[in-house]
Amino acid sequence: MNVRFEPSGPLRGTIRPPADKSISHRAALFGAMSDTPVLVSNFLDSEDTNSTLAAVHALGAGLDRTDGDLVVRGVGLHAPLGTTGGFLDVGNSGTLLRLLPGWLAGQPGGRWTLDGDESIRRRPVDRIVEPLRRMGAKVEAREDRFTPLTVEGGRLKGIEYELPVRSAQVKSCLLIAGMLAEGTTTVIEPGPSRDHTERFLRRARVPFTQEGDRLTVSQVDELELEQVSVPGDPSSAAFFVAAALLVPGSRIVVADVGLNWTRTGFFRIAQRMGAVVVGDLEEPGTVADHEPAGELDVAQAPLAGTEVTPDEVPLAIDELPLVALLGCFAEGETVVRGAGELRVKESDRIAGVVEGLRGLGADIEAFEDGFAVRGTGGLEGGVLDALGDHRLAMLGAVAGLASRRGVEVVGMEAAAVSYPGFTDDLRALLGR
């Protein structure tokens, strides 16, 4: 589906972004691993999270859904899992693909194959295969790297494992497996990444400690999780923030958005570029068992280029395409390095962003691990192919509003993976 986004007048009003996708995935999984029902308020209704619901339901969890709330009636951490015919469809969800095997690997007697769409078949899983095998799991993957991924459940033993690169998904997989493994499991991070799983472990009263970059979990019999409230997704909110920063005269409020410090890297980068983004962002380094939420006040402002360092990348990984877009309108040069992970997202996002924005008139070049943008005062417009990637689809929409001639987005339907109502919410801020 092709959708054209014309240059617009200012964005005005209050927006409540959809529920956080990362937290919704984990709420469904931890609910399914619990012995007692878990109420999840504001669960995200999207293609990705519905894949997670379908998977846990196939494994035996009961699901009751009404008006945005979800009750998960779990099967327990160590329970025999339901019949699935040996196959679990993860759709387009990389989070589900990498987290679920941590639970399945510790279920003796079970055998499952995980597979998904064409995009998921290009996304590597070797980063979980190798450490799960060290824990005693039987895991097989195509070319030892791609789906289909087959997991045969068995008895696991705790290990100490140093992540070669920062990855919240790999970290989460091993911590979940660690709850089922004999002894203790320690994951050593080379730097901070999204910490939603750690907060779930604390809330569920799992024996879990964090000492600097060392995360240690011990075997546990059951989870004690009662209720989860999912805040708005800062990654989805970032597209409205970017639009308000670029379209003259704009002023918006983003309400009920998650402000977890491991998710607000984009807002801090934008502030450094001169953006007016005001809100009570959680202090970096905070250790907590809850997810903070609040509002952001955003207004259009002149921007200056900046350098995004490798240390900042994991805390803004999904929003880096928007950093490139801001760079097109900023004075000077904007450089992102250390973002090679973008090559293995739903698309090769470095190539997609660089080719897409260049086609709209950007002065931009790609590196193997990032890109450089030289600000030219704006974008002319044209056509941007979303390549089946929800982030690129929404990027094209925002670029169209701020461009001189408008942008036609090819494949706008991809936005439904994380934000089915994106276009309608954007129109509401434009008074349409």
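Dipole check for the chain: with +1 at the C-beta of Lys and Arg, -1 at the C-beta of Asp and Glu, and the Cα centre as origin, the magnitude is about 260 Debye. Both radii were evaluated on the Cα set of the range 20-72; the Rg over Rh quotient, with Rh as the Kirkwood radius, amounts to 0.90.
Which of the three applies to the range 321-413, rounded, prolate or oblate, going by the alpha-carbon gyration tensor with a ≥ b ≥ c and a/c under 1.5 meaning rounded? Note, shape of the range 321-413 comes out oblate. Altogether, the Stokes-Einstein calculation at 20 °C and 1.002 mPa s, with the Kirkwood radius of the chain over Cα pairs as Rh, returns a diffusion coefficient of 98 µm²/s.
Determine the shape class of the range 40-157: with a ≥ b ≥ c the square roots of the Cα gyration tensor eigenvalues, call it rounded for a/c under 1.5, and otherwise prolate if a/b is greater than b/c, oblate otherwise. Verdict is oblate for the range 40-157. In the chain, the longest principal axis of the Cα atoms and the axis of helix 349-358 are about 10 degrees apart.
Each 5 Å bin from 0 upward holds the following percent of the Cα-Cα pairs of the range 21-229: 1, 8, 17, 22, 23, 17, 10, 2, 0.
Candidate cross-link partners of Lys21 among the lysines, defined by an alpha-carbon separation under 18 Å and a same-chain spacing of 8 or more, comprise Lys171, Lys345. Mean silhouette area of the range 262-394, derived from the convex hull of its C-alpha atoms and averaged over all directions, reads 8.2 nm². The smallest convex shape that holds all Cα atoms of the range 141-240, its convex hull, gives 151 Å³ per residue.
For Lys138, a cut-off of 18 angstrom between C-alpha atoms picks up these lysines, skipping any fewer than 8 places away in its own chain: Lys157. Cβ crowding within 10 Å ranks Val228, Val276 as Val276, Val228, fewest other Cβ atoms first. For the range 183-229, the orientation-averaged shadow of the C-alpha convex hull comes to 3.6 nm² (one quarter of the hull surface). Taking Cα centre as origin and charging only the Cβ of basic (Lys, Arg, +1) and acidic (Asp, Glu, -1) residues, the dipole magnitude of the range 21-229 rounds to 380 debye. Phi angles across the range 32-48 convert, under the Karplus curve 6.51 cos²θ - 1.76 cosθ + 1.60 with θ = phi - 60°, into 3J(HN,Hα) values of 5, 7, 8, 8, 10, x, 10, 8, 10, 8, 6, 6, 6, 9, 8, 4, 4 Hz, Gly and Pro given as x.
Only the coordinates and a few stated rules stand behind these numbers; no lab work does. Keep in mind it's a predicted model, so treat the numbers as computed, not measured. A quick note on method: Cβ atoms are made from the backbone with ideal geometry, for glycine too, and the neighbour counts reach across all protein chains shown.
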